[in-house]
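Okay, so here's the structure we're looking at.
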Amino acid sequence: MAQWESVMAGYETGIMVIGMVDDKDVEHMLSFLPPSANLIFCAPSIPRAMPAKALAETAARCGRPGTCSGTVAAAYELALQQADAKSCIYVGGSSFVVADCLEHLAKKA
């Protein structure tokens, strides 16, 4: 959390694009997400991906509601729509989410 707060010192809004694989302790991992972040849930494009809807439902049960956006590309685009000049967008939860986002960005370039 200290790292998040340090990064966020220069921003007003934090948006997190989060996806995970289904073999992780999701509830435990969700406990590490900063309470101030706006969460957008997605699923990486691998067979072991936790469905975005399941992740969003688990997060809501843990008191961390957010938006379910399906694919990483859709979640990232939603984050861009929500962001302004004083927003910070984080993409993670799994290296596979980061890889999908990088692929999406390469296609846009």
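What pairs come up if the first residue lies in the range 26-39 and is more than 15 Å from CYS88 (Cβ to Cβ), the second is assigned to a helix (DSSP H, G or I) and not aliphatic (A, V, I, L, M), and their beta carbons are under 9 Å apart, counting only those six or more places apart or on different chains?
VAL26/THR58; GLU27/THR58; GLU27/ARG61; LEU30/THR58
For the range 70-87, does any single residue satisfy the condition of being within 11 Å of ILE15 (Cβ to Cβ) and touching a Gly at 6+ places or on another chain (Cβ under 9 Å)? Spell out how you get there, then give the answer.
As a first pass, look at the range 70-87 and keep what is within 11 Å of ILE15 (Cβ to Cβ): 75-76, 78-84, 87.
Of the ones still in play, those that are also touching a Gly at 6+ places or on another chain (Cβ under 9 Å) are 75, 87.
Yes, the range 70-87 contains a residue that is within 11 Å of ILE15 (Cβ to Cβ) and touching a Gly at 6+ places or on another chain (Cβ under 9 Å).
Name the residues in the range 89-108 that are more than 14 Å from THR71 (Cα to Cα) and within 15 Å of the chain's Cα centre (by Cα), would you? Step through it out loud before you land on a result.
If we filter the range 89-108 for residues that are more than 14 Å from THR71 (Cα to Cα), which is where we start, we get 89-90, 95, 106-108.
ILE89, TYR90, SER95, listed by residue number.
Here is a list: PRO35, PRO51. Which entry is over 12 Å from the mean Cα position of the chain (by Cα) and within 14 Å of ALA74 (Cβ to Cβ)?
Values: PRO35 fails: within 14 Å of ALA74 (Cβ to Cβ).
After ruling out the rest, the residue left standing is PRO51.
Would you say LEU55 is farther than 23 Å from LYS108 by Cα and at pLDDT 90 or above?
On the way: farther than 23 Å from LYS108 by Cα: yes; at pLDDT 90 or above: yes.
So LEU55 fits the description; yes.
The values are calculated or read from the model by the stated rules, or taken from the named source; none is laboratory data. Predicted model only: the values in this text are computed from it and were never measured. For neighbour counting, all protein chains shown are included, and Cβ atoms are generated from backbone atoms with ideal geometry for every residue, glycine included.
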